[in-house]
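The values are calculated or read from the model by the stated rules, or taken from the named source; none is laboratory data. On a predicted model such as this, the values are computed, not experimentally measured, just so you know. Here the Cβ positions follow ideal geometry from the backbone for every residue, glycine too, while neighbour counts run over all protein chains shown. All accessible areas refer to the heavy atoms of the entire protein, side chains included, with ligands and DNA or RNA removed. Shrake-Rupley method; radii C 1.70, N 1.55, O 1.52, S 1.80 Å.
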Amino acid sequence: MRGWKLVAEEFTPKIIGFTCNWCTYAAADLAGTSRMQYPPNLRLVRVMCSGRVSPEFVLKAFQLGADGVFIGGCHLGDCHYIHGNFKAITRYYLLKKMLQQFGIEPERVRFNFISAAEGEAFTQAVKDFTEQLKRLGPLRPSGGEGSGEA
Amino acid sequence: MSEKEEPRIGVFICHCGTNIAGVVDVKQVVDFTSKQPNVVFATDYTYMCSDPGQALIKDSIKEHKLNRVVVAACSPRMHEPTFRKTCQEAGLNPYLFEMANIREQCCWVHMGEPEKATEKAKALVKAALAKASLLEPLTPMEFNVERSALIIGGGIAGIQAALDLANAGFHVYLVEKEPSIGGHMAQLDKTFPTLDCSACILTPKMVDVGRHPNITLLTYCEAQEVEGFIGNFKVKILRKARYVDEKACTGCGVCAQKCPVKVPSEFDLGLGMRKAIYIPFPQSVPITHTIDKENCLYFTRGVCKVCEKFCPAKAIRFDQQDETIELKVGIIINATGYDLFNAKKLPQYGYGKYKNVITGLEFERLVNASGPTGGKIVRPSDGKTPKSVAFIQCIGSRDEHHGVPYCSRICCMASLKHAHQVKEKIPGAEVCVFYIDLRCFGKGYEEFLVRVQDEGIRLVRGKVSEIYENPETGNLRLRLEDTLLGEVMETEFELVVLAVALVPRAEAPALQTLLKVSRGADGFFLEAHPKLRPVETHIPGIFICGCAQGPKDIPDTVAQASAAAAQAAIPLSQGKVTAEPLTAYVLEDYCSGCGVCEAICPYKAIELKEVEEGKRRAEVNEALCQGCGLCGAACPSKAIVLRGFTEPQLMSQIEALSSV
């Protein structure tokens, strides 16, 4: 946390997240109930299944100024909708390839399997992703050369 | 309420005592909110979920003619149902309600940054407003429920659930893959901690099942296909041919007496023999005999038919075929129980290699009066009565690397019971239990532990690392560290009993696919919530109980089975169920009939229908649709809309979240 604060003034990445109602959204709730702390730059959209997340949602978020997009679903095999997260992860890998062609670093979209019991994993994912995005710097969809590390 | 009416949104921001108000500047959020489009009323209150809080919402709906309500408070997973009901009570369609999660996902996780938390709370409220403006009134669907139940598994769990439902007046189909119901409990001799004879307490229940007018007993049957949804499951059951007419067979047993073929008995775990025509155990229900086709001389060599010749009831049917039974049921209970961990996977204990190393369940058969030895505890190698018996705990249990990570829960008590039985049947025998921890947590369990300690049973804390046999005597030498004394020791016993772990059924993956339910990391079937919905699954209308859900003892199994029956009785007695209307529908004009949605739907809820020649359109069966939205994300023409999570609604949320 402290480390994050030190550099926060330089650049705070904006993250839009999509989490499934049954696992990762619940994990985010658990993180709250357990008073785990993470950077306030993540805003979640609740969907019923990570498989509901259309690539267009991710692109829309980037278009509107998000520096990163987070998607969270149940662990493989644990999907509330049998295999929705398999579809989501397949789509995610395709999307990463597509982003590259748009000049957006594929690391700006992140998928994590986080169960309803893993508040800690959720917190860690948000922290890690924030750090990663800070290194990447603000989204500049031209060549993807903008690095916050310089 | 008309959909085209201008949205008039009321926003209610909760302090949650100081939970929210202690971090987020609520007044600032109210000010911000009241300036947003379509908001006609915005206020805050200490506890929105309290009675006065809900009254405030209801009054405001009427006073300000609100047609949308947004509450910014805790997680919708917590209070969405509460507030939906509040709206409904004020005459507003409950699906015109949206929640902003500013507690769990805002103030509680950003406690040190009140300003940023306030900003985030504004964004979250704005997103809820954006979605709320686009909400449409929805009506829950209602389905009729077939008032009958399918229970898979005829062990004590299935038996208890079947009797409870049958006694409540519902018809029950009890499916068991073995020729008799009874399950593992029928194989046990005594039950801890009361030492009730297992058969004495189980068989009356088995008989009740067999003659209950509301129970159709389907033994030697397996569920093959399951289609449909709560209230309307269509099930295909395979009835395996037993080559004996169930109605004609009186169970006299003459056939088994005359049958010349002897094979190891599955029920006695290979310690005793049975004939090729048999009942698994004397109290089998039904008493109908079964021909084991693999071993029957007539089926293997085409000669014999001795059973047919001697059967006084003329019940033998060599021409019987497998058949498929189709059932329609309202609910399904999965009571399929457990398998035992294969101790051969841990070669250091010599199970399968040394004859005098047996499992706890094998011990149950040895000590049982109707077992292969007539209840005499003898060594498999030489038939002698052992003068010393060792019980080794946690074989496979609590062993992430070679077995399973969990505790199997019943083995400590089972071994203590076995230890007591050895003392009772072989006076003066040396009995020793080697344990990691003794877990005697149930009612009367700790007292039982004290009792067996008083009987002179030695309890040694330490995990046996290796067993090897003295080939001359068949005795077994155990090497271990006594972790209380800190000493490495080696001792000799005449018989060793392994307390093997309880593991998921080998058939569990197939059943998972059949029922479309989930299993946990341990492989056991998963309940909908570990604490609050312990006998439901994620699939409405499918319930679980007993060891199918995880290892447990008989009292817990019976309690859970009754609980599953009680839960299952809710839709059965109502005769109807209501389902969330958050389902998908097809915009026919946009649909090109490509079929992507049909292929992606996990519930087979979408079907392509020919609307005119050469023109196909997708159609959603809303009774089957669970509202995951996979189809909506996959449809290339945006022809599928998921109610409550439509593309415009989600896009508006993304937009709002990005703007603050």
Proximal lysines relative to B:K516, as straight alpha-carbon distance under 16 Å, when same-chain residues fewer than 8 apart are discounted: B:K234, B:K236, B:K604
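Can you give the relative contact order of the stretch B:213-304 as a percent, counting alpha carbon pairs under 8 Å and 6+ residues apart?
Working: 117 pairs, mean separation 19.5, N = 92.
Relative contact order for the stretch B:213-304 comes out at 21 percent.
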Candidate lysines for bridging to B:K205, where Cα separation is under 24 Å - those fewer than 8 sequence places away on the same chain excluded: B:K177, B:K190, B:K247, B:K417, B:K443, B:K552
Carbon + sulfur, % of accessible area of the stretch A:15-134 - ligands and nucleic acids excluded, 1.4 Å: 57
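Normalised by the number of residues in chain A, what is the relative contact order in percent for Cα pairs under 8 Å and 6+ residues apart?
Numbers: 265 pairs, mean separation 46.9, N = 150.
The normalised contact order for chain A reaches 31 percent.
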Probe 1.4 Å - accessible area at B:K205, Å² to nearest ten: 60
Rounded FRET efficiency, nearest 0.05, which uses the C-beta distance separating B:Q224 from B:T18 and R0 of 56 Å: 0.45
Total accessible surface hidden between B and A, rounded to 100 Å², 1.4 Å probe: 4200
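Under the 0.36 nm per residue contour assumption, what length would be gained going from the current alpha-carbon distance of B:E622 and B:K531 to full extension? Present the calculation step by step, with values, prior to reporting the outcome.
Values: separation 91, 0.36 × 91 = 32.76 nm, distance 2.98 nm.
Net length gain for the segment: 29.8 nm.
Applying a 10 Å radius around every beta-carbon, put A:12-18, B:398-404, B:279-285, B:372-378 in order of their mean neighbour count, most first. Intermediate results must be reported in sequence, preceding the final value.
Working: A:12-18: 23.3, B:398-404: 14.0, B:279-285: 19.9, B:372-378: 16.4.
Taking the mean over residues of other Cβ atoms within 10 Å, the ranking is A:12-18, B:279-285, B:372-378, B:398-404.
Stretched out fully, how many nm does the piece from B:A168 to B:E610 gain, at 0.36 nm a residue minus the Cα gap? Can you show the working numbers first?
Details: separation 442, 0.36 × 442 = 159.12 nm, distance 4.49 nm.
This chain segment gains 154.6 nm when fully extended.
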Proximal lysine pairs, the stretch B:295-365, alpha carbons under 20 Å, eight or more residues apart or interchain: 5
Accessible surface of the stretch B:341-502 [probe 1.4 Å, protein heavy atoms]: carbon and sulfur percent: 48
Antiparallel bridges, percent of DSSP beta bridges restricted to chain B (to nearest 5): 50
Accessible area (Å², 1.4 Å probe, nearest 10) - B:L515: 10
Dipole magnitude of the stretch B:9-138 about its Cα centre (Cβ charges: Lys, Arg +1; Asp, Glu -1), debye to nearest 20: 240
Most to least accessible of B:E323, B:E613, B:E447 (protein chains only, probe 1.4 Å): B:E613, B:E447, B:E323
Accessible area of A:F102 in the full protein assembly, 1.4 Å probe (Å², nearest 10): 100
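I'd like the mean, over residues of A:69-81, of how many other protein chain beta carbons sit within 10 Å of each residue's own Cβ. All intermediate terms of the calculation are to be shown ahead of the outcome.
On the way: counts 1, 0, 0, 0, 0, 1, 1, 0, 5, 6, 4, 7, 10.
Taking all residues of A:69-81 together, the mean is 3.
Which value, in debye to the nearest 20, gives the size of the charge dipole of chain B about its Cα centre, when Lys and Arg are +1 and Asp and Glu are -1 at the Cβ? Walk me through the numbers on the way to the answer.
Working: 75 positive and 79 negative charges, 280 e Å.
Roughly 1340 debye, rounded to the nearest 20.
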List of the stretch B:633-660 residues, accessible area with partners at least 20 Å² below that of the chain alone (1.4 Å probe): B:A633, B:K638, B:F645, B:E647, B:L650, B:M651, B:Q653, B:I654, B:E655, B:L657, B:S658, B:V660
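Classify the stretch B:203-343 as rounded, prolate or oblate from the Cα gyration tensor: take a ≥ b ≥ c as the square roots of its eigenvalues, call it rounded if a/c is under 1.5, otherwise prolate when a/b beats b/c and oblate if not. Walk me through the intermediate numbers first.
Working: a/c = 1.80, a/b = 1.58, b/c = 1.14.
Because a/c hits 1.5 or more and a/b exceeds b/c, the stretch B:203-343 counts as prolate.
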Rounded, prolate or oblate (a/c below 1.5 giving rounded, otherwise prolate when a/b exceeds b/c) for chain A by Cα gyration tensor: oblate
Spin-label model distance (nm) - B:K85 vs B:E294, 7 Å beyond Cα toward Cβ: 5.4
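Given a 1.4 Å probe and heavy atoms of the protein chains only, how would you sort B:M78, B:M141, largest accessible area at the top? Don't skip to the end; give the middle numbers.
Numbers: B:M78 105, B:M141 35 Å².
Sorted descending by solvent-accessible area, the residues read B:M78, B:M141.
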Net charge of neighbours whose Cβ lies under 11 Å from the Cβ of B:T537, counting Lys and Arg as +1 and Asp and Glu as -1: +1
Cα→Cβ-extended label distance, 7 Å offset, between B:V303 and B:T513, nm: 4.3
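At 222 nm, what value in deg cm²/dmol follows for chain B if DSSP H runs of at least 4 each add -39500 (n - 2.57) and the sum is divided by all its residues, to the nearest 500?
Numbers: 17 runs with 182 residues, N = 660.
The helix-only estimate for chain B comes to -8500 deg cm²/dmol at 222 nm.
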Sites B:H64 and A:L64 - FRET efficiency at Förster radius 30 Å, r taken between beta-carbons, to 0.05: 0.45
Theoretical FRET efficiency, 1/(1+(r/R0)^6), r = Cβ-Cβ of B:L587 and B:R8, R0 30 Å, to 0.05: 0.65
Relative frequency of Cα-Cα separations exceeding 20 Å in the stretch B:9-138, percent: 35
Nearest 10 degrees, 0 to 90: helix B:114-133 Cα axis against chain B principal axis: 80
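Looking only at other chains, what is the average number of their beta-carbon atoms within 10 angstrom of each beta-carbon in A:27-33?
Working: counts 0, 6, 11, 2, 4, 12, 7.
Averaged over the peptide's residues, the number is 6.
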Magnitude of the charge dipole, the stretch B:1-67, Cβ model with Lys/Arg +1 and Asp/Glu -1, debye to 20: 80
Rounded accessible area per residue of the protein assembly as shown, 1.4 Å, Å²: 42
Residues in the stretch A:42-57 that, when all protein chains are in place, have 30 Å² or more less accessible area than the chain alone would give (probe 1.4 Å): A:R43, A:L44, A:V45, A:R46, A:M48, A:R52, A:E56, A:F57
Distance from the stretch A:11-73 to the stretch B:94-140 (C-alpha centre basis), Å: 13
Test item: B:618-630 mean partner chain Cβ contacts at 10 Å: 4
Whole-number D in µm²/s for the protein assembly as shown (Stokes-Einstein; Kirkwood sum over Cα pairs; 25 °C, 0.890 mPa s): 81
Segments B:180-189, B:18-27 sorted - mean Cβ within 10 Å per residue, highest first: B:180-189, B:18-27
The stretch B:265-354: equivalent-ellipsoid semi-axes (sqrt of 5 x gyration tensor eigenvalues, Cα, Å): 31, 24, 13
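Kindly sort B:H418, B:H538 by accessible area of their heavy atoms, largest first, with the probe set to 1.4 Å. Write down the numbers at each step before the final one.
On the way: B:H418 5, B:H538 50 Å².
The most accessible residue leads, giving B:H538, B:H418.
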Three-way shape call for the stretch B:584-643 based on the alpha-carbon gyration tensor, with the a/c threshold at 1.5: prolate
Relative contact order of chain B, pairs being alpha-carbon contacts under 8 Å that are 6 or more residues apart, as %: 13
